[in-house]
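Novice: Take this structure first; my questions come after.
The values are calculated or read from the model by the stated rules, or taken from the named source; none is laboratory data. Just so it is clear, the model here is predicted, and its values are computed rather than measured. In this analysis, Cβ positions are derived from the backbone assuming ideal geometry, glycine residues included, and neighbour counts consider all displayed protein chains. These area figures cover heavy atoms from the full protein model, side chains too; ligands, DNA and RNA do not enter into them. Shrake-Rupley method; radii C 1.70, N 1.55, O 1.52, S 1.80 Å.
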Amino acid sequence: MEQTDVLIIGGSAGGIVAGITARRHYKDAKITVIRKEKAGQVLVPCGLPYIFGTVGTPEKNIMPDALLSGNNIELIVGEATSIDRKAKTVTTANGESIGYQKLVLATGSVPIIIPIPGKDLENVFCATKDVDYLNGLLKTLDGVKDVVIIGGGFIGLEFGDEFKKRGLNVTIVEMLPHCLQIVFDEGFCVLSEDKLKERGINVKTNAQAEAILGDKKVKGLKLTNGEELKADMLFMCIGVRADTGLAQKAELQIGETRGIWVDEYGRTVDKDIFAIGDCAEKRSFFTKKPSALKLASVACNEGRIVGANLFGLKRRNEGVIGSFATIIGEFGVGQAGLTEAAATTAGFDFVIGEVKTPDKHPGSLPGTKELGMKLIFEKASQEILGGQVYGGSTVGEVVNILTALIQSRMTANEVATFQFGTHPLFTPSPVPYPIANAAEIALAKL
Ligand SMILES: Cc1cc2nc3c(=O)[nH]c(=O)nc-3n(C[C@H](O)[C@H](O)[C@H](O)COP(=O)(O)OP(=O)(O)OC[C@H]3O[C@@H](n4cnc5c(N)ncnc54)[C@H](O)[C@@H]3O)c2cc1C
């Protein structure tokens, strides 16, 4: 039987970072990753949509195995099928046993398929992280004209935008009043929908899928209002569920949002078993309530926490802030922390500061875009709770600045006077600098 000090099940975002961090903190430990993907086949999960219009093939969207070998981490390609917590062993599908001192579950998530008639027809696809599956999708796309995407979250929009780049006729069907409604306030959702429409993508909101039509292959989608949409491919993008099969079999506790329950150090109910990433339950940074948020950035952050904690607790998880950005054509939009709607649901009393400014200075510079920002501050503590931004490609890093301010629990006064650097070609002007300015506007309301 093979024996290792640290065994990580899962070799994607969370598992890789947990392994690298463990190597940094425990130089002499034997560290092993077991994962299902063959050598050279771990996809960059967030890059999946870009295979279809920008990058070209799944093979160009791969995380290098050198991340493991370069850090002296052993790789086993295979499937873990059971955990014996008493004997501290993991069994694989081909009958091998691996002994561990510390085990990290990083088994991720799988797409949710809506159980509607027609879900098993040919040409029904979803965002599955598998090279062969995505090559099959790529091949199918060659013979397709009309695509309907069920789900107007950021992943649905990204696939829609990429399919459009191939010249396909794309319709996005969203059951809520707006696309992106779970992550943005209404104004930002409307702006994003306008950009989709400008790019020729059909957007149907308040629209619910009832049945996928067709005999063998997809021919269309029927909505609950009776409308029928023509389609020769159907792409389901309604979210993912935590892959907790192994954990449940091993009788580890499952949390309220159906992820593996962990404490603030990333430990499951078994002190030698940790869980990270999409398979693990999270807590909100703001309310400490269970959160089902699933992001690669969060998985990697948890990998950095757990990788350090394996043989002695060093890092504590303060909960998920939730930050992300996306892009429709050249329109970037992103969010950190709570939206106005989420802050209201959580029970906060808050004020808002909103600004618009060119993202370069002077605004006559070529390529300048309008950058719009909305910051939210809690009234009692005056701490920043969240921010939403739209603009160009700088949005991604602006969101990260906002995340750092939120994590530091900075007050409106501190945000208004935070120190930053500017350059005409890179940033807005220091005079109306949007983060400081939005904080000043909010401060005046406190
Ligand atoms: C299309 C798309 C776009 C996205 N875009 C973004 C983005 O822009 N930003 C962002 O932050 N997040 C994004 N996400 C979310 C992000 O991809 C996930 O949060 C991330 O992949 C989670 O990483 P993970 O390591 O927890 O799990 P996963 O990536 O799901 O990996 C799970 C790993 O576990 C292995 N595994 C599972 N079971 C077993 C077993 N029994 N034995 C052995 N191995 C096993 C798998 O083989 C795999 O290696 C996107 C997701 C999708 C689908």
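Novice: For the range 217-245: of the residues being within 16 Å of the ligand (Cβ to nearest atom) and outside any strand (DSSP E or B), which is farthest from ALA280 (Cα to Cα)?
Specialist: The selected residue is CYS237.
Novice: Further question: Only residues that are within 9 Å of the ligand (Cβ to nearest atom), touching a strand residue (DSSP E or B) at 6+ places or on another chain (Cβ under 9 Å) and under 18 Å from PHE274 (Cβ atoms): list them for the range 287-304, please.
Specialist: Selection gives LYS294, VAL298, ALA299, GLU302, GLY303.
Novice: Tell me, which residue of the range 278-321 that is of a type in the set (Lys, Arg) and closer than 23 Å to GLY396 by Cβ is most open to solvent (accessible area, probe 1.4 Å)?
Specialist: To start, the set of residues in the range 278-321 that are of a type in the set (Lys, Arg) comprises 282-283, 288-289, 294, 304, 314-316.
Next, only the ones that are closer than 23 Å to GLY396 by Cβ stay: 282, 294, 304.
Details: LYS282: 8, LYS294: 50, ARG304: 115 Å².
Among those that are of a type in the set (Lys, Arg) and closer than 23 Å to GLY396 by Cβ, it is ARG304.
Novice: Can I ask one more? Output the number of residues of the range 196-208 satisfying the condition of being crowded, with 20+ Cβ neighbours inside 10 Å and in contact (Cβ under 8 Å) with a residue 60 or more places away in the chain.
Specialist: Matching residues across the range 196-208 total 1.
Novice: Can I ask one more? Among the residues of the range 165-186, write down those that are out of contact with any Gly (no Cβ under 6 Å at 6 or more places or on another chain) and within 16 Å of the ligand (Cβ to nearest atom). I'd like the intermediate steps shown before the answer.
Specialist: First, the residues of the range 165-186 that are out of contact with any Gly (no Cβ under 6 Å at 6 or more places or on another chain): 167-169, 171, 173, 175-178, 180-186.
Correct list: LEU180, ILE182, VAL183, PHE184.
Novice: So PHE324 passes all but one of these: (1) in contact with a strand residue (DSSP E or B) (Cβ under 6 Å, 6 or more places away or on another chain); (2) surrounded by fewer than 22 Cβ atoms within 10 Å (Cβ to Cβ); (3) in a strand (DSSP E or B). Which condition number does it fail?
Specialist: Single failed check for PHE324: (1).
Novice: Also, quick follow-up: Out of (1) among the polar types (S, T, N, Q); (2) over 23 Å from SER291 (Cβ atoms); (3) open to solvent by 20 Å² or more (accessible area, probe 1.4 Å), what's the single condition that is false for THR357?
Specialist: (3)
Novice: While we're here: Pick from GLY363, GLY367: which is free of Cβ contacts under 8 Å to residues at least 24 places away in the same chain, farther than 17 Å from GLY337 by Cα and not in a strand (DSSP E or B)? It would help to see each step written out before you state the result.
Specialist: On the way: GLY367 fails: free of Cβ contacts under 8 Å to residues at least 24 places away in the same chain.
None of the other options fit; the residue is GLY363.
Novice: Quick one: what pairs do we get from the range 30-50, first residue in contact (Cβ under 8 Å) with a residue 40 or more places away in the chain and more than 19 Å from GLU2 (Cβ to Cβ), second of a type in the set (Ser, Thr, Tyr) and outside any helix (DSSP H, G or I), C-beta under 7 Å, 6+ apart or different chains?
Specialist: Short answer, once both residue conditions are applied: PRO45/SER12.
Novice: I need every pair where a residue in the range 152-171 that is free of Cβ contacts under 8 Å to residues at least 60 places away in the same chain has its Cβ under 7 Å from the Cβ of a residue that is more than 10 Å from the ligand (Cβ to nearest atom) and aromatic (Phe, Trp, Tyr), sequence separation at least 6 or different chains.
Specialist: So the pair list comes out as VAL170/PHE163.
Novice: Can I ask one more? So, of the residues in the range 22-53 that are closer than 23 Å to PHE159 by Cα and open to solvent by less than 30 Å² (accessible area, probe 1.4 Å), which turns out to be nearest to the ligand (Cβ to nearest atom)?
Specialist: This residue is LEU48.
Novice: Here are some residues: GLY15, GLY19, GLY11. Which one is within 8 Å of the ligand (Cβ to nearest atom), touching a Gly at 6+ places or on another chain (Cβ under 9 Å), closer than 17 Å to ILE76 by Cα and not in a loop (DSSP other than H, G, I, E, B)? If you could, list the steps in order and put the result at the bottom.
Specialist: Details: GLY19 fails: within 8 Å of the ligand (Cβ to nearest atom); GLY11 fails: not in a loop (DSSP other than H, G, I, E, B).
Selected residue: GLY15, the only one of GLY15, GLY19, GLY11 that is within 8 Å of the ligand (Cβ to nearest atom), touching a Gly at 6+ places or on another chain (Cβ under 9 Å), closer than 17 Å to ILE76 by Cα and not in a loop (DSSP other than H, G, I, E, B).
Conditions (1) surrounded by fewer than 22 Cβ atoms within 10 Å (Cβ to Cβ); (2) aliphatic (A, V, I, L, M), marked per residue:
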site	(1), (2)
GLU96	yes, no
TYR100	no, no
LEU121	yes, yes
TYR133	yes, no
GLY152	no, no
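Novice: Does ARG85 satisfy the condition of being away from the ligand (no atom under 12 Å from the Cβ) and within 19 Å of ALA247 (Cα to Cα)? Steps first, answer last, please.
Specialist: Values: away from the ligand (no atom under 12 Å from the Cβ): yes; within 19 Å of ALA247 (Cα to Cα): yes.
Yes; evaluated as a whole, the condition is true for this residue.
Novice: Among the residues of the range 264-288, how many are closer than 15 Å to ALA308 by Cα and part of a loop (DSSP other than H, G, I, E, B)?
Specialist: Qualifying residue count, the range 264-288: 6.
Novice: How many residues does the range 370-410 hold that are open to solvent by less than 40 Å² (accessible area, probe 1.4 Å) and assigned to a helix (DSSP H, G or I)?
Specialist: 8
Novice: Pull up the range 327-348, narrow it to residues that are surrounded by fewer than 21 Cβ atoms within 10 Å (Cβ to Cβ) and in a loop (DSSP other than H, G, I, E, B), then point me to the one that is farthest from the ligand (Cβ to nearest atom).
Specialist: Only one residue fits best here, namely GLY347.
Novice: Here's another thing I want to ask about it. Can you name the strands (runs of 3 or more DSSP E) wholly within the range 100-157 that have at least 3 residues being within 12 Å of the ligand (Cβ to nearest atom)?
Specialist: Here the list reads 109-111.
Novice: Which of the residues belonging to the range 25-46 are over 23 Å from the mean Cα position of the chain (by Cα) and within 18 Å of ILE276 (Cα to Cα)?
Specialist: Within the range 25-46, the subset over 23 Å from the mean Cα position of the chain (by Cα) is 25-32, 38-39.
Correct list: HIS25, ILE31, THR32.
Novice: Taking interchain pairs and intrachain pairs at least six residues apart, which have beta carbon atoms under 9 angstrom, with the first residue in the range 57-76 and more than 18 Å from LYS36 (Cβ to Cβ) and the second small (Gly, Ala, Ser) and surrounded by fewer than 19 Cβ atoms within 10 Å (Cβ to Cβ)?
Specialist: What qualifies is LYS60/GLY47.
Novice: Something else now. Only one of VAL351, VAL355, VAL431, VAL415 is more than 23 Å from LEU180 (Cβ to Cβ) and assigned to a strand (DSSP E or B). Can you tell me which?
Specialist: Details: VAL355 fails: more than 23 Å from LEU180 (Cβ to Cβ); VAL431 fails: assigned to a strand (DSSP E or B); VAL415 fails: assigned to a strand (DSSP E or B).
Every option except VAL351 fails the conditions.
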